[in-house]
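A short write-up of the structure that comes next.
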Amino acid sequence: MKDLGARAFNYGYPMAVLIVATYNDDGTVNVMNLHECTRTNAGDLVICIGEGKKTHANIERRGAFTLTPATRELMKAADYFGMMSGYQVPDKFARAGLKAVKSSRIDAPIIVGSKLVIECELIEFVKTQNFSGIIARIVNIAADEDILNDKGKVAIERLGMVIYDSFGSKYFTVGEEVGKAFGAGKVYLK
C-alpha cells in the first residue's frame, strides 16, 4: 500500500449528499450541501456543521431542519448549495428554481419534488473547536411512493441517491447490489 498522508481523506469517505433545509428569520428557505451525517444507536441523527454557517444559526434559532438526499435531479442544485454561503447569497434556494412547503410536524421546509425527506428536531449541540455535532431526533421520514418496494420500504436503487467521493471530488449514484446485509457473511458460520 502507498501512504497518501492524512490530508488525502479530504472530507471523509464517500457518503450520501444531503440537502439541509431550514428557515431564515424572514421565513425564506435556506439550504446547504452536507455529507457529514450519521445515525446513532439511539436512532437519532448527528450532522456536523461549522458554527459560522447560516444553517447552524437557523437550527439554533428554529430548533428544526429537514434532510433530503440529493438525487440525479437535485445534484446540480445540491452542488450549488455547497458552493455558496447563505450569508453571501440569501436567496440561493430561489435562484436554484426550487420550491418548498412547510412541514406539518416541525418548523422547517420540505423541498417540493423530493423523493425522500427526513424531518428532524434539535436535541443538542456538541461544540468542538471547528464545528458542532448537531444531535437531532427524527420526527418523521416521508418517501415518494415511486421509490417504495412491495413491502413499503425504500428501495435505494429507485431513489437514485447521489454520493460524494471526497478522494476525487466527484458525485456518483448508488450502484448495484453486491450482497445481503447480515447474510453474505454467513458463509463463515460453518
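Rule-based calculations on the coordinates, nothing more; no lab input. On a predicted model such as this, the values are computed, not experimentally measured, just so you know. Cβ atoms come from the backbone with ideal geometry, glycine included; neighbour counts cover every protein chain shown.
Summary table below
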| quantity | calculated |
| --- | --- |
| Choice from MET32, MET75, MET83 showing the highest fluctuation, given a GNM over the chain with Cα pairs closer than 10 Å | MET83 |
| Table column - 3J(HN,Hα) (Hz), the range 58-64, Karplus curve with 6.51, -1.76, 1.60, x for Gly and Pro | 5, 5, 4, 7, 8, x, 7 |
| VAL139 versus ASP26: modelled label distance in nm, points set 7 Å from Cα along the beta carbon direction | 2.4 nm |
| Stokes-Einstein D for the range 15-97, Kirkwood Rh over Cα pairs, 20 °C, 1.002 mPa s (µm²/s) | 165 µm²/s |
| Projected area, mean over directions - the range 56-190, Cα convex hull, nm² | 11.8 nm² |
| Interchain or long-range residues, amide H under 5 Å from ILE163's placed H | VAL17, PHE172, THR173, VAL174 |
| Relative contact order for the range 1-153, counting Cα pairs under 8 Å that sit 6 or more residues apart, in percent | 25 percent |
| Charge dipole (the chain, unit charges on Cβ, about Cα centre) - positive-most of MET83, TYR164, TYR188 | TYR188 |
